[in-house]
Amino acid sequence: MTNFQMLAPLGWRPFFQQQLTLEEWDAVIPVRVTEQHKSQLTVAADQHTFTLPITPAMPPLVVGDWILLNEDKQFVRLLERYSCFKRKSAGTGHDYQLIAANVDTAFIVCSMNEDFNPSRIERYLALAETADAEPVVVLTKADLTDQPERWADNVRHIDKQLQVITVNALENSCMDALSDWLQPGNTVVMLGSSGVGKSTLTNSLLGESRQSTQSIREDDAKGRHTTTGRSLIPLPQGGLILDTPGMRELQLADCHDGIVSAFADIQRLAEACRFADCQHDQEPGCAVQAAVEHGSLDARRLANYQKLLREDALNSASLAQRRAKDKAFTRFVNVSQKASRKYKGR
């Protein structure tokens with residue numbers, strides 16, 4: 001019988017335990033995916049880890065998932081996720097790419113240098129809102145500026161309710177600054193572009209240099225890819241960090257509600273527009289455009305809101321079309337196989 005209390009440091013909670021059937025209660029082994037490779041998974045159970053081959057019977061899995069195994073350590077099923085980060089596949093792909101699952105908090109990591117980008121932060125906020133995880137903006141490289149609060153105020157200008165923390169990722173004191181979100185059993189995902197200090201911050205929280213790091217390019221402060229895979233790492237003080245590779249492209253899809261939540265101030269203004277379907281462009285009586293003209297709403301923020309909504313609508317339609325085609329093809333294959341079996345031997 002599984003000792004579920006031993007799984008609590010890995011993020012096990014009643015949400016997962018309630019999904020078990022009576023037959024599964026004593027017959028299965030719950031494990032959490034901690035690393036994902038091309039042909040195998042690394043999973044953790046109690047105090048030990050082991051690898052599993054990825055088989056065709058498995059659904060798409062991602063680091064952070066909880067799965068059930070039988071006594072022979074064979075895959076049984078995936079447990080429902082309480083949060084899931086995903087994006088449209090990079091490039092011209094017409095599918096989703098899973099980023100992380102069962103995450104409590106998203107550290108949106110951004111550096112206080114030329115690479116600072118409010119529109120990119122808003123994009124990550126929309127992703128976190130869609131995934132039902134608490135967003136926390138972590139501004140790194142505090143050692144390179146004498147006005148860290150000025151950078152923090154730039155983020156709070158996006159949303160006054162946002163949690164914004166400034167840190168020097170090279171110092172162990174960042175653990176104290178982030179401890180509220182690193183409680184035992186809580187999972188935090190690191191999100192951000194290359195070079196912002198995610199791996200350096202992870203190493204500081206661990207108290208050891210486990211993740212590879214590189215310096216940024218001096219000409220434009222852009223980062224280089226160092227983390228090439230996702231890994232779930234337990235912290236000595238409790239909590240788990242899910243480090244992710246830097247994302248040069250983060251295309252949103254099926255994120256409409258998350259975008260609306262991330263831009264709640266614009267939504268509130270829109271309620272006073274003359275027309276219910278106002279696009280906040282050239283329509284008369286537009287309360288949103290009036291706010292821009294009066295200086296109470298940043299024109300950049302409105303432009304990014306409209307851009308993300310257009311992008312999400314386009315990508316969502318593309319993915320829905322792909323899903324419809326896949327479903328139709330599956331029906332065709334099933335009908336063909338059924339007909340083949342019916343007339344076999346005649």
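Residue count for the range 95-129 under the criterion of being under 28 Å from R32 (Cα atoms) and part of a loop (DSSP other than H, G, I, E, B): the result is 4.
When E23, E71, E80 are checked against the criterion of being surrounded by fewer than 15 Cβ atoms within 10 Å (Cβ to Cβ) and under 26 Å from C255 (Cβ atoms), a single residue qualifies: E80.
Criterion applied to A27, A44 was being over 25 Å from the mean Cα position of the chain (by Cα) and at pLDDT 90 or above, and the one residue passing it is A27. Being closer than 26 Å to G192 by Cβ, free of Cβ contacts under 8 Å to residues at least 40 places away in the same chain, outside any helix (DSSP H, G or I) and not assigned by TED's automatic domain parsing to the domain that holds E129 is a property that does not hold for L52. Only residues that are outside any loop (DSSP other than H, G, I, E, B) and over 19 Å from E80 (Cα atoms) were counted across the range 10-41, and they come to 1. If the condition is being without any contact (Cβ under 8 Å) to a residue 12 or more places away in the chain and not hydroxyl-bearing (S, T, Y), then the range 291-306 contributes V292, E293, H294, G295, A299, A303. Within the range 156-201, the residues that satisfy the criterion of being assigned to a helix (DSSP H, G or I) and touching a residue at least 40 places away in the same chain (Cβ under 8 Å) are M175, L178, S179, W181, K198, S199, T200, L201. When D115, D146, D159 are screened for being closer than 30 Å to A317 by Cβ and either in contact with a Leu (Cβ under 6 Å, 6 or more places away or on another chain) or at pLDDT below 95 (or both), only D159 passes. Return yes when V335 is modelled with pLDDT of 95 or more, in a helix (DSSP H, G or I), more than 30 Å from I99 (Cα to Cα) and out of contact with any Ser or Thr (no Cβ under 9 Å at 6 or more places or on another chain) and no when it is not. No, not satisfied. Screening the candidates A128, A133 for the property of being modelled with pLDDT of 95 or more and under 21 Å from R301 (Cβ atoms) yields one hit, A128. Restricting to the range 269-278, give me the number of residues that are under 16 Å from Q306 (Cβ atoms) and either surrounded by 13 or more Cβ atoms within 10 Å (Cβ to Cβ) or not assigned by TED's automatic domain parsing to the domain that holds Y305 (or both). Going through the range 269-278 one residue at a time, the tally reaches 4. Note on the range 154-209: residues that are of a type in the set (K, R) and buried (at least 21 other Cβ atoms within 10 Å of the Cβ) amount to 1. Checking the conditions here, which among L314, L235, L319, L252 is closer than 30 Å to M175 by Cβ, surrounded by 12 or more Cβ atoms within 10 Å (Cβ to Cβ) and modelled with pLDDT under 95? Only one candidate qualifies: L235.
For the range 130-147, which residues satisfy the criterion of being surrounded by 19 or more Cβ atoms within 10 Å (Cβ to Cβ), in a helix (DSSP H, G or I) and of a type outside the set (A, V, I, L, M)? Selection gives T130 alone. Quick check on N117: is it buried (at least 24 other Cβ atoms within 10 Å of the Cβ), in the same structural domain as K198 (by TED's automatic domain parsing) and not charged (D, E, K, R)? So N117 does not fit the description; no.
The values are calculated or read from the model by the stated rules, or taken from the named source; none is laboratory data. Nothing here was measured: the structure is a model prediction, and the numbers come from that model. Please note: Cβ atoms are built from the backbone with ideal geometry, for glycine as well, and neighbour counts cover all protein chains shown.
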